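Read the structure below first, then the notes.
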Amino acid sequence: MSLVFAGVCSHAPGIVGRADLADPSAKNRLYEAFDGMRERLEASEPDALVVVAAEHFANFFMNNMPSFAMGMADYYEGPIENPEWLGIQKTRIPGDRSLSERLIQKVMERTDVSYAEEWKFDHGIMVPLHFLTPSYDVPVIPANINCQGPPLAPLHRAWTFGQALREAADSVPERIALIGTGGISHWPATPDSGKINESWDRQFLDEWSRCDKAAMLSYSDQQSYLDAGQGAFEIRTFMTVSAATEGAGGIVHFYEPIPIFAVGCTIGTVDLAASPLPSTID
């Protein structure tokens with residue numbers, strides 16, 4: 001078939017785990033945006049959902065840190081974190097080993113990717129699934145980009161990974177949805193946690209919404225770290241979606257800094273039928 005849905009969203013653990021501490025109006029606006037994204041995803045009638053995330057030393061650590069990895073199992077479990085802390089109960093999430101293997105084989109024709117037959121989801125995947133597939137009834141194929149432990153793959157390699165995912169989606173008969181999850185500017189697990197560089201976020205989202213490849217590939221990790229924290233390395237997941245939908249414009253349905261969630265919360269989708277769009281950032 002082909003890619004039938006693409007989008008991006010935040011995955012900060014506080015979005016659920018600290019919901020009771022957030023400003024109710026801000027939280028409700030974010031949750032409504034998640035609802036809208038879920039409705040668009042459901043309308044696309046996907047057979048499987050590829051979630052490109054940046055896990056946080058839950059499955060991969062410095063003794064074995066692939067730059068890119070995909071899951072290849074019939075089911076997964078999550079969250080790996082304490083359910084009371086995250087606000088999401090442990091559950092089993094369906095996968096599709098056969099489909100995963102076919103996608104991975106196709107991705108390998110363009111770029112290197114590792115695979116894992118066991119994978120416990122952390123908040124990077126569980127928070128989006130909590131909102132987007134709350135019944136956990138859509139098979140999930142996890143994909144991970146190392147955004148935590150340098151050396152990190154160059155941004156252009158993340159772009160190539162996105163192109164490879166699109167080619168893989170186009171090669172199978174199943175209807176594939178793709179979501180990239182991560183923060184933009186944030187400083188997790190540091191004294192600056194809760195700090196958000198709104199102007200930096202809005203500039204990046206403007207470039208993302210226009211699928212401005214040159215602008216997005218011009219970022220350096222060194223400068224991003226200074227301007228937007230180590231959490232900004234996760235722009236790779238957003239860029240992967242841009243690469244998979246190159247030529248189509250993105251729509252940012254929601255962006256708002258919510259410090260108690262420690263991130264500028266973002267919901268965006270890609271109009272797969274459209275040409276590049278002007279900026280949609282308010």
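The values are calculated or read from the model by the stated rules, or taken from the named source; none is laboratory data. As the structure is a prediction and not an experimental result, all values here were calculated from the model. Here Cβ is always computed from backbone atoms with ideal geometry, including for glycine, and neighbour counts include all displayed protein chains.
The table that follows gives values for the structure above.
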| item | result |
| --- | --- |
| Matching option when the condition is under 17 Å from the mean Cα position of the chain (by Cα) and in a helix (DSSP H, G or I), among HIS56, HIS130 | HIS130 |
| Residues of the stretch 125-152 satisfying the condition of being at pLDDT below 95, buried (at least 20 other Cβ atoms within 10 Å of the Cβ) and either hydrophobic (A, V, I, L, M, F, W, C) or under 15 Å from VAL50 (Cα atoms) (or both) | CYS147 |
| Filtered residue count, the stretch 1-53, keeping only those that are part of a helix (DSSP H, G or I) and either aliphatic (A, V, I, L, M) or within 14 Å of the chain's Cα centre (by Cα) (or both) | 11 |
| Candidate set from the stretch 217-274 (those that are surrounded by fewer than 17 Cβ atoms within 10 Å (Cβ to Cβ) and without any contact (Cβ under 8 Å) to a residue 24 or more places away in the chain); member that is farthest from LEU103 (Cα to Cα) | LEU226 |
| Subset of the stretch 194-239 that is more than 19 Å from ILE145 (Cβ to Cβ) and touching a helix residue (DSSP H, G or I) at 6+ places or on another chain (Cβ under 6 Å) - its residue that is modelled with the lowest pLDDT | GLY194 |
| Test: residue in the stretch 104-118 that is touching a Phe, Trp or Tyr at 6+ places or on another chain (Cβ under 9 Å), hydrophobic (A, V, I, L, M, F, W, C), under 17 Å from THR237 (Cα atoms) and free of Cβ contacts under 8 Å to residues at least 60 places away in the same chain | yes |
| Selection status of ALA54, at pLDDT 95 or above and among the aliphatic types (A, V, I, L, M) | no |
| Contacts under 9 angstrom Cβ, first residue in the stretch 3-23 being farther than 19 Å from HIS186 by Cα and touching a residue at least 40 places away in the same chain (Cβ under 8 Å), partner β-branched (Val, Ile, Thr) and in a loop (DSSP other than H, G, I, E, B), 6 or more apart | LEU3/THR245; ALA6/THR245 |
| Condition met for PRO66 (more than 21 Å from HIS123 (Cβ to Cβ) and assigned to a loop (DSSP other than H, G, I, E, B)) | no |
| Residue within the stretch 157-164 that is touching a helix residue (DSSP H, G or I) at 6+ places or on another chain (Cβ under 8 Å), crowded, with 24+ Cβ neighbours inside 10 Å and hydroxyl-bearing (Ser, Thr, Tyr) present | no |
| Residue match in the stretch 241-250 (condition: part of a strand (DSSP E or B), closer than 23 Å to MET126 by Cα and not β-branched (Val, Ile, Thr)) | no |
| Hey, THR181 touching a Cys at 6+ places or on another chain (Cβ under 7 Å) and under 23 Å from ALA248 (Cα atoms) or not | yes |
| Selection count where residues are surrounded by 24 or more Cβ atoms within 10 Å (Cβ to Cβ) and modelled with pLDDT under 85, scope the stretch 179-193 | 1 |
| Single condition LEU3 does not satisfy, out of (1) under 21 Å from LEU272 (Cα atoms); (2) modelled with pLDDT under 95; (3) among the aliphatic types (A, V, I, L, M) | (2) |
| Checking ASP192 against (1) in a loop (DSSP other than H, G, I, E, B); (2) under 24 Å from ASP35 (Cβ atoms); (3) not hydrophobic (A, V, I, L, M, F, W, C), the condition it does not meet | (2) |
